[in-house]
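The values are calculated or read from the model by the stated rules, or taken from the named source; none is laboratory data. Not measured: the values here are computed from a predicted model. Quick reminder, even Gly has a Cβ in these numbers, built from the backbone with ideal geometry, and neighbours come from all protein chains shown. The protein model used for the area step is the full one, side chains on, heavy atoms only, and it has no ligands, DNA or RNA in it. Shrake-Rupley method; radii C 1.70, N 1.55, O 1.52, S 1.80 Å.
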Amino acid sequence: MRVRKLAYGCGAEITDVDLSADLPQSTIDDIREAWLKHVILVFPNQDFTIDQHIRFSRRFGELESHPMKNLRSPLGPEILEIHNRVIDGKPSETGDIGRNWHSDGAFTTQPPTGSFLHCRAMPEAGGNTWFNNMYMAYETLSPKMKNIIADLEVVNDINNIYIRAGGVGRRDPHKVAEDNRLNPPVIQSMVRVHSETGRKALYLSEAVTQRIVGLTQDEGAGILQYLFKHSVRPEFTYRHYWRINDLVLWDNRCAMHLAPRDYDPGEIRHMCRTTLTGEKLGRYLDQLPA
Ligand code: SIN
């Protein structure tokens, strides 16, 4: 297995390994070590079936079913299909997933550790995914700013995604209401300590972070806007230009990602994701003392 760094901020390419094979534990350990170090791993030319994708992902832990029930794929509860196909006259509900910077599941009290995204179809141009490194975002703050945010908590709300998109868009308002019922707003610490590396990372996102606990909307907005902008400074990022059969693994504990609408919507983009169950983190907003 060969490891080649892809960018200053994050990302490494792993070659000379066939993920569809029954890999020895030592190779899985090497991959985990590279993942913890580089945050984002790219494995080109992995022509594998859904079952092989699931089997490889399970070597890193338990897999979750997506917290938004309507997004679950007929291919199996562990698979999230992100595609823009029209099926039986219905537009895809996942075509516009990830249009704002986010860390998967940050609107839940058990956000996933990592996500494995496999490319099955890509438009001729565009369809990229951007990633960033939230350790770097934290570590490059001034000592004073680190002090200010040390004990701050944020409210993360799935509904924020729809508000940012200018309403419920083409999604059925009943489904949006159901998402909200199943995923009520949560409180997370703004600074997250990575459960394996022990390093501190910023943990907030423009997709779901609505406000800072204990501050008025106006007081918190300035800090949040600054941190959103700071987190995605170009030197913390890696932009992935997909090829069919690339598999990308990222670490949701210390990275965000964004899937811009940078391609012809008439062309098909089709991705399959498995997601590693994470540790319990944060609490529901309604548990906040009055
Ligand atoms: C996501 O997991 O947010 C989607 C990423 C992508 O489709 O590139």
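Observations, loosely collected:
- Only one entry of Lys200, Lys229, Lys280, Lys175 meets the criterion of being more than 17 Å from Asp157 (Cβ to Cβ) and touching a helix residue (DSSP H, G or I) at 6+ places or on another chain (Cβ under 7 Å), and that entry is Lys200.
- Contact map, segment 123-138: first residue more than 16 Å from the ligand (Cβ to nearest atom), second residue of a type in the set (Gly, Ala, Ser), Cβ cut-off under 7 Å, separation 6 or more or different chains; pairs are Asn133/Gly9; Asn133/Ala255; Tyr135/Ala201; Met136/Gly9; Ala137/Ser231; Tyr138/Ala201.
- In segment 124-141, of all residues being over 30 Å from Ser189 (Cα atoms) and open to solvent by 10 Å² or more (accessible area, probe 1.4 Å), the one that is farthest from the chain's Cα centre (by Cα) corresponds to Glu124.
- Sole exception among (1) touching a Phe, Trp or Tyr at 6+ places or on another chain (Cβ under 9 Å); (2) part of a loop (DSSP other than H, G, I, E, B); (3) surrounded by fewer than 19 Cβ atoms within 10 Å (Cβ to Cβ) for Arg85, by number: (1)
- Any hit, segment 181-197, residues being open to solvent by less than 70 Å² (accessible area, probe 1.4 Å), under 26 Å from Thr275 (Cα atoms) and in a helix (DSSP H, G or I): yes
- Across segment 234-244, the qualifying residues are those that are within 12 Å of the ligand (Cβ to nearest atom) and either under 28 Å from Ser189 (Cβ atoms) or outside any loop (DSSP other than H, G, I, E, B) (or both), and the one among them that is most open to solvent (accessible area, probe 1.4 Å) is Arg239.
- Single residue of Ser26, Ser57 found to be open to solvent by less than 30 Å² (accessible area, probe 1.4 Å), more than 19 Å from Trp242 (Cα to Cα) and not in a loop (DSSP other than H, G, I, E, B): Ser57
- Output for segment 248-279, where each listed residue is under 29 Å from Asp51 (Cβ atoms) and in a loop (DSSP other than H, G, I, E, B): Asn252, Arg253, Ala255, Ala259, Tyr263, Glu267, Ile268, Arg269, Thr277, Gly278, Glu279
- Scanning segment 61-120 for residues that are among the charged types (D, E, K, R) and within 11 Å of the ligand (Cβ to nearest atom), we see that the one that is farthest from Tyr162 (Cα to Cα) is Glu81.
- Within segment 204-221, the only residue that satisfies the criterion of being hydroxyl-bearing (Ser, Thr, Tyr) and open to solvent by 10 Å² or more (accessible area, probe 1.4 Å) is Thr216.
- Residue count for segment 36-51, restricted to those that are surrounded by fewer than 17 Cβ atoms within 10 Å (Cβ to Cβ) and either more than 15 Å from Thr275 (Cα to Cα) or in contact with a Ser or Thr (Cβ under 7 Å, 6 or more places away or on another chain) (or both): 6.
- Residues satisfying the stated conditions in segment 245-285, i.e. within 11 Å of the ligand (Cβ to nearest atom) and loosely packed, with under 15 Cβ neighbours inside 10 Å: Pro260, Arg261, Asp262
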